[in-house]
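Report on the following structure.
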Amino acid sequence: MEWMPNGTNVAARIVDLARAILSEEMDPVSGSRQITDLRLELDNSDDECFDFFVAFVSETDVWPEPENRYRYSENALKKFDAEKARYLSHMSEKIKDACRRLIAELSDGENPNR
């Protein structure tokens, strides 16, 4: 199920997603996929604050979306889940830093840890 942040403003929706990732309410892979999709609706979609998310989504596109997991065998899912857990553990601080930068960039200086 897709995260539905409050408000209709695209930048605010992206900030909500980044905050949800930071607070661990949202899976970083799913949230990053949504951030990269939403960024295309902004005038500054090529802003460097999105570079991490674009690269991260590219690196994680081998893992199935939650709604498509039923298409994979139990063994394949176990393999995907183990790879994902290792990768996210390794990338945890980079993900958090990218979320904080994105929040600061799109929320006019609000506290990214709010």
Assess whether N75 counts as being closer than 17 Å to S32 by Cβ and assigned to a helix (DSSP H, G or I). no
Looking only at segment 1-59, and only at residues there that are farther than 20 Å from A85 by Cα and β-branched (V, I, T), the one that is modelled with the lowest pLDDT: T8
When you scan segment 60-72, do you find a residue that is within 12 Å of the chain's Cα centre (by Cα) and either surrounded by 12 or more Cβ atoms within 10 Å (Cβ to Cβ) or assigned to a helix (DSSP H, G or I) (or both), even just one? yes
Within segment 17-46, restricting attention to residues that are buried (at least 21 other Cβ atoms within 10 Å of the Cβ) and among the charged types (D, E, K, R), which residue is farthest from V57 (Cα to Cα)? R19
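The values are calculated or read from the model by the stated rules, or taken from the named source; none is laboratory data. On a predicted model such as this, the values are computed, not experimentally measured, just so you know. Note: ideal-geometry Cβ built from the backbone for every residue, glycine included; neighbour counts use all protein chains shown.
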